[in-house]
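J.: Below is one structure. I have some questions about it.
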Amino acid sequence: MTTSTPNPFADLPINPSILRVPKSATLAINEKSKALQRAGKRIYRLGLGQSPFPVPELMVSRLQAYARAKDYMAVQGYLPLREAIAGMLRRTEGLDSQARRILVGPGSKELLFGLQMALDCELLLPAPSWVSYEPQARLLSRPCRWIETRPENGWKLTAGDLEQQARERDGKKRQLLILNSPNNPSGACYSETELQDLAEVARRHGILVLSDEIYSELHYRGEHRSMARYYPEGTLVSNGISKWAGAGGWRLGFLAFPEGLEALLKSMIVIASETFTSVSAPIQMASICAFEDSPAMLDYIHACRRVMAGIGQDFSRQLREAGLQVAEPEGGFYCLPDFTPMADRLQNYGIESVADLATRLLEETGVAGLPGSDFGLHDHLALRFAFVDFDGAELLQAAQEKPDLVIDLQLPQLQRLQQAADRICDWLHRL
Ligand code: PMP
Ligand code: GLU
C-alpha cells in the first residue's frame, strides 16, 4: 500500500483485553538478545529459559521413523502416549493416573490457557510466578490475585500465606492456585511437608490447584514431589517434554486430571477440538519413549540434572559472593538474585526500578536477564537468570562419559557462563 492510499482497516477493532497485554517477556528478551547479537554485540543469553541439551537420540530416531504419520489424531491425545504418561505418573509419583484422564496439547502453555478459559475462577498466584500465567488470565478477562512471598522462605508460598488470603478474600468466585516446583523463576523446590501443609489449607477452602511440574525431572537430587500426592482430589498436574527432554520446540505437553473432574476435562476437550484439533502425529508417537522407564532416558535425565546442579551451584555462589542475595537453586534452569541490598548504590548510579536494572545490565555488560516485575515481583530489585547459555550437547556427552567430572564454571564448555558471571560481578564492584 502506498502512503497516499488511506488504509481502510486502520480502525480495525481489536479486542481490548489483548491490546492491554504485551508480547511474552521471555520471548521478547530472546528476540532482543538475538537482534543485539546480529548487530555485533557480545550478548550472554540468560533471558529465555530453554533447554541447552539436545533431544534424546531415542526420541529423534522415533521421530524419523514416524515422519510419514499424517492423519489427525484423537483430540484428547494418542492413546498409547496417554498410557505412557499415566504410567510415568503412577511409577514416579504413585498417583492413581489413568489414560482416560490425560489430555495432550501443543505445549503445557496452551493447556494452561485452555484451563483458564474452561474455568470461571479467580486465579491465585504466588509472587513471583512464571511470566505467562497472569497475562493468560488478562487475555481472558479473568481476575487474578497475587500472594506475596518472602525471600527468606525461598520465595515459596507458605500454608500461612494461603490461609491468610483465604480469610481476607471477599470474592465469591472459586479459586485456582498455580503452584510451580521446581520453580521458574527462583529454582526453589517445595518439600513434602510444605506441600502437605498447603494441601491441608487448599482442601479446607476448596481451592483447585494446578501443579505445574514442567521441570519435575530436573530436581537436582531427583526428589521432586507432586502436589497431587497430598491433594489428589483437587490437583491437576501439568507437565511435558519441553524441559527435561529438551524438546520445547516439539510442542507437546499434558494435563492429568483427578477422578471427579470429568466435566472440566470434557470442556477442555471441546476447546481443544475447536482450536488445535490435536498435536502433530509424528511428535506424539515419537514422544511415547520419553515417558517410559528406559535406561537411555534415565541416563540422559541424570546427566542433565548433574550438569544443571553444578552450574546452578557455582553461578549462584559467585553472585552471592559479589553481594547479591540469592539462594542456591534446587532444580530447573533458573536463579533469582536480589540486588535490593545494593539499592542505594544502584540509585546513585541512576537505576530507579528493576526494569532499569535489567536494561542497564544488558547494555553495559551484555548479560540478558529478566526483571522480577515480569514475574509479579515489584518490590524487590530481583533479576531472573536462565543459566543455559552453553553447548549442551558437548557438555552432556562429557558428563555421560566421565561420571566423576566436576561440573563448575571452570570447564571450557562453560566459558560463556563464567564470563557472564564475571561481567555481572565486575559491574557490581564498579558501582
Ligand atoms: N510452565 C513453566 C514454569 C515454564 O517455564 C514454561 C516454559 N516453557 C511452561 C510452563 C510452558 O512450557 P511448554 O508450553 O513448552 O510445555
Ligand atoms: N519457559 C521459558 C522461560 O520462562 C520460555 C518459554 C516460554 O515462555 O514459552 O523462559
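The values are calculated or read from the model by the stated rules, or taken from the named source; none is laboratory data. None of the values given here were measured: they were computed from a predicted structure. We place every Cβ from the backbone using ideal geometry, glycine too, and count neighbours over all the protein chains shown.
J.: Look through segment 236-250, keep the residues that are under 29 Å from residue 120 (Cα atoms) and not small (Gly, Ala, Ser), and return whichever of them is nearest to the chain's Cα centre (by Cα).
T.: 239
J.: One residue is enough: does segment 414-423 have a residue meeting the conditions touching a strand residue (DSSP E or B) at 6+ places or on another chain (Cβ under 8 Å), buried (at least 19 other Cβ atoms within 10 Å of the Cβ) and more than 20 Å from residue 155 (Cβ to Cβ)?
T.: yes
J.: OK, next. Report, by residue number, each residue of segment 260-289 that is touching a residue at least 12 places away in the same chain (Cβ under 8 Å) and over 16 Å from residue 102 (Cα atoms).
T.: Of everything in segment 260-289, those that are touching a residue at least 12 places away in the same chain (Cβ under 8 Å) and over 16 Å from residue 102 (Cα atoms) turn out to be 275, 276, 280, 281, 282, 283, 286, 289.
J.: Go through 152, 134, 163, 110 for me and flag whichever is modelled with pLDDT of 95 or more, among the acidic types (Asp, Glu), at negative phi and away from ligand 1 (no atom under 15 Å from the Cβ).
T.: 163
J.: Another question about this same structure. Which of the residues belonging to segment 240-252 are within 9 Å of ligand 1 (Cβ to nearest atom), of a type in the set (Gly, Ala, Ser) and either buried (at least 24 other Cβ atoms within 10 Å of the Cβ) or in a loop (DSSP other than H, G, I, E, B) (or both)?
T.: Result: 240, 242, 247.
J.: Related question: Counting only residues that are under 18 Å from the mean Cα position of the chain (by Cα) and either under 27 Å from residue 164 (Cα atoms) or away from ligand 1 (no atom under 15 Å from the Cβ) (or both), how many does segment 114-131 have?
T.: Of the residues in segment 114-131, 11 are under 18 Å from the mean Cα position of the chain (by Cα) and either under 27 Å from residue 164 (Cα atoms) or away from ligand 1 (no atom under 15 Å from the Cβ) (or both).
J.: Next question. Quick check on my filter: what residues within segment 121-159 are within 16 Å of ligand 2 (Cβ to nearest atom), among the polar types (S, T, N, Q) and either within 20 Å of residue 385 (Cα to Cα) or surrounded by fewer than 16 Cβ atoms within 10 Å (Cβ to Cβ) (or both)?
T.: Residues satisfying the conditions are 129, 132.
J.: Could you list, in sequence order, the residues of segment 309-353 that are surrounded by 18 or more Cβ atoms within 10 Å (Cβ to Cβ) and of a type in the set (Gly, Ala, Ser)?
T.: Result: 309, 310, 312, 316, 322, 327, 331, 332.
J.: Another one. Exactly one condition in (1) farther than 27 Å from residue 35 by Cα; (2) at pLDDT below 95; (3) out of contact with any Ser or Thr (no Cβ under 9 Å at 6 or more places or on another chain) is false for residue 398; which is it?
T.: (2)
J.: Is it the case, given these coordinates, that residue 220 is without any contact (Cβ under 8 Å) to a residue 60 or more places away in the chain and surrounded by 19 or more Cβ atoms within 10 Å (Cβ to Cβ)?
T.: no
J.: For segment 160-175, state whether one or more residues are within 16 Å of ligand 2 (Cβ to nearest atom) and of a type outside the set (Gly, Ala, Ser).
T.: no
J.: Restricting the search to segment 384-427, which residues are within 16 Å of ligand 1 (Cβ to nearest atom) and aliphatic (A, V, I, L, M)?
T.: Hits for segment 384-427 are 386, 388.
J.: Next question, about the same structure. Please specify each residue of segment 197-235 satisfying the condition of being under 16 Å from the mean Cα position of the chain (by Cα) and assigned to a strand (DSSP E or B). Before the answer, list the steps.
T.: Looking only at segment 197-235, we keep the residues that are under 16 Å from the mean Cα position of the chain (by Cα), and these are 210-220, 224, 226.
Residues satisfying the conditions are 210, 211, 212, 219.
J.: Moving on to the next point. From the list 77, 40, 47, pick out the single residue that is in a loop (DSSP other than H, G, I, E, B), away from ligand 2 (no atom under 16 Å from the Cβ) and touching a Leu at 6+ places or on another chain (Cβ under 8 Å).
T.: Exactly one residue qualifies, and that residue is 77.
J.: Give me the pairs, please: first residue somewhere in segment 242-253 and under 8 Å from residue 51 (Cα atoms), second residue anywhere and polar (S, T, N, Q) and more than 13 Å from ligand 2 (Cβ to nearest atom), beta-carbon distance under 7 Å, and either six or more positions apart or on two chains.
T.: What qualifies is 244/216.
J.: Taking helices (runs of 4 or more DSSP H) that do not extend beyond segment 103-196, which have at least 3 residues that are aliphatic (A, V, I, L, M)?
T.: 108-118, 159-168
J.: Please determine, by comparing only the residues of segment 46-71 that are more than 30 Å from residue 422 (Cβ to Cβ) and of a type in the set (A, V, I, L, M, F, W, C), which one is surrounded by the most Cβ atoms within 10 Å (Cβ to Cβ).
T.: Looking at residues that are more than 30 Å from residue 422 (Cβ to Cβ) and of a type in the set (A, V, I, L, M, F, W, C), I get 59.
J.: Let me ask another. Does residue 85 meet the test of being out of contact with any Lys or Arg (no Cβ under 7 Å at 6 or more places or on another chain) and under 25 Å from residue 244 (Cα atoms)?
T.: Considered against the rule, which asks whether it is out of contact with any Lys or Arg (no Cβ under 7 Å at 6 or more places or on another chain) and under 25 Å from residue 244 (Cα atoms), residue 85 comes out as yes.
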